[in-house]
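Here is the structure we will look at, set down as C-alpha cells.
The values are calculated or read from the model by the stated rules, or taken from the named source; none is laboratory data. None of the values given here were measured: they were computed from a predicted structure. Cβ sites come from the backbone with ideal geometry, for glycine too, and all protein chains shown count toward neighbours.
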Amino acid sequence: MRLVIKPHRPLRTVCLYLLLLLFVSVIVLYAADYGFWRSVSNAISSGDGYKELLTEVRGLREENASLHSEITRFSRTEEISDQLRKNNHVELVRLQGEVALLKGELSFYRDIVRSAEIDDGPRVKGLTIKPLHGESRFEYKIVMTYINKQQRYAEGKLLINFLGESDGLERSIAFKELVESGKKALNFRFKHFHLFQGTLRMPDKFVPLQVQVSVADSRGKKYRQNNTFDWISVLN
C-alpha cells in the first residue's frame, strides 16, 4: 500500500473558485449586454422602418384622395356636358319650331301684301286657326287691310259667327261666346294693316264647319264684303 500525500492549500482553492466565478460572470454580463444593445439596435431599426412605412402610407392616402377628387371632377364635368347637350338639343328643337312658325307667318303676310290693292273699305285678308293643347282650344289670327289713296283710317268692327253642328243639329255661335283670351269685341281703327289674335274654346260636342266674317263701319253698317271660310281651310 502506497501512501500519497497532497499539500493542503485552501486559500488557493478559494481563489481559483473566485477567479472561475468572476470569469463566468464576465461572460454572462457580456452576453447580456450584447443582447441588450442588439435588441435596442433592432428596435431602432424597426422603428425607422415603421416610420418610413407610415410616411409611405400617408403619401399613398394623399395620392388616392387626389385621384378620387379628379375622378369626381371628371364625372361632374361629364354630367354637366351631358346636360348641356340635352339642353342644346331641346333649345335647337325649340328654335327650329320657331323658325318654321316664323316662315309660315312670313309666307302668310307676304301673300297678304301681294294681294293688297286699293280698297273701298277695310277687308279681311287672312284668317288662320291653330289647335292648342287642351280640349277644344284654338288660337286665331285675323289680318285686316285698308289701302286707300287718301291715307285715311279704317274704323269699325268685325262680326264673326261659327257655323257647325251639335248633337246632329245646326248651330251658330257668336265669336264673343267662345273667346278665352283676347278681345271679345273686335273693334278697330287703323291704317293699312291690323291684326287680331287670341284664343278660343269651343263648347263640348260642337263641331265647327264654317267661319262667317263680316265687316261693319263705326255706325254698324256692313260693307259689301261678307267672307265665309270653311273650317278645314283656315285650320292650320
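Scanning region 215-234 for residues that are closer than 27 Å to Asp167 by Cβ and either more than 44 Å from the chain's Cα centre (by Cα) or surrounded by 14 or more Cβ atoms within 10 Å (Cβ to Cβ) (or both) yields Thr228, Phe229, Trp231, Val234. Only one of the listed residues (Asn148, Asn187, Asn227, Asn161) is in contact with a Ser or Thr (Cβ under 9 Å, 6 or more places away or on another chain) and at pLDDT below 90. That residue is Asn227.
Would you tally the residues in region 144-171 being in a strand (DSSP E or B) and within 20 Å of Phe196 (Cβ to Cβ)? Residues meeting the conditions: 13.
Condition first: at negative phi, free of Cβ contacts under 8 Å to residues at least 12 places away in the same chain and among the hydrophobic types (A, V, I, L, M, F, W, C). Can you find one or more residues in region 164-176 that meet it? There is at least one residue in region 164-176 that is at negative phi, free of Cβ contacts under 8 Å to residues at least 12 places away in the same chain and among the hydrophobic types (A, V, I, L, M, F, W, C).
Could you tell me whether Met202 is within 23 Å of Asn236 (Cβ to Cβ) and either loosely packed, with under 13 Cβ neighbours inside 10 Å or touching a Lys or Arg at 6+ places or on another chain (Cβ under 7 Å) (or both)? The answer is no for Met202. Filtered by the rule that a residue be under 22 Å from Gly168 (Cα atoms), of a type in the set (A, V, I, L, M, F, W, C) and out of contact with any Asp or Glu (no Cβ under 6 Å at 6 or more places or on another chain), region 201-215 gives Met202, Phe206, Leu209, Val211. Scan region 112-133 and give yes if some residue there is surrounded by fewer than 10 Cβ atoms within 10 Å (Cβ to Cβ), modelled with pLDDT of 80 or more, closer than 30 Å to Asp204 by Cα and within 41 Å of the chain's Cα centre (by Cα), otherwise no. Within region 112-133, one or more residues are surrounded by fewer than 10 Cβ atoms within 10 Å (Cβ to Cβ), modelled with pLDDT of 80 or more, closer than 30 Å to Asp204 by Cα and within 41 Å of the chain's Cα centre (by Cα). Scan region 167-177 and give yes if some residue there is within 20 Å of Leu209 (Cβ to Cβ), within 41 Å of the chain's Cα centre (by Cα), at pLDDT 90 or above and of a type outside the set (Phe, Trp, Tyr), otherwise no. The answer is yes, given that some residue of region 167-177 is within 20 Å of Leu209 (Cβ to Cβ), within 41 Å of the chain's Cα centre (by Cα), at pLDDT 90 or above and of a type outside the set (Phe, Trp, Tyr). For region 195-205, a residue qualifies if it is free of Cβ contacts under 8 Å to residues at least 60 places away in the same chain and in a strand (DSSP E or B), and the qualifying residues are Leu195, Phe196, Gln197, Gly198.
What are the residues in region 183-236 that are among the acidic types (Asp, Glu) and more than 17 Å from Leu132 (Cβ to Cβ), if any?
Our first condition is that a residue be among the acidic types (Asp, Glu); within region 183-236, this holds for 204, 217, 230.
Across region 183-236, the qualifying residues are Asp217, Asp230.
Yes or no: region 181-192 includes at least one residue that is under 21 Å from Tyr146 (Cα atoms), in contact (Cβ under 8 Å) with a residue 24 or more places away in the chain, more than 36 Å from the chain's Cα centre (by Cα) and not in a strand (DSSP E or B). Checked region 181-192: at least one residue is under 21 Å from Tyr146 (Cα atoms), in contact (Cβ under 8 Å) with a residue 24 or more places away in the chain, more than 36 Å from the chain's Cα centre (by Cα) and not in a strand (DSSP E or B).
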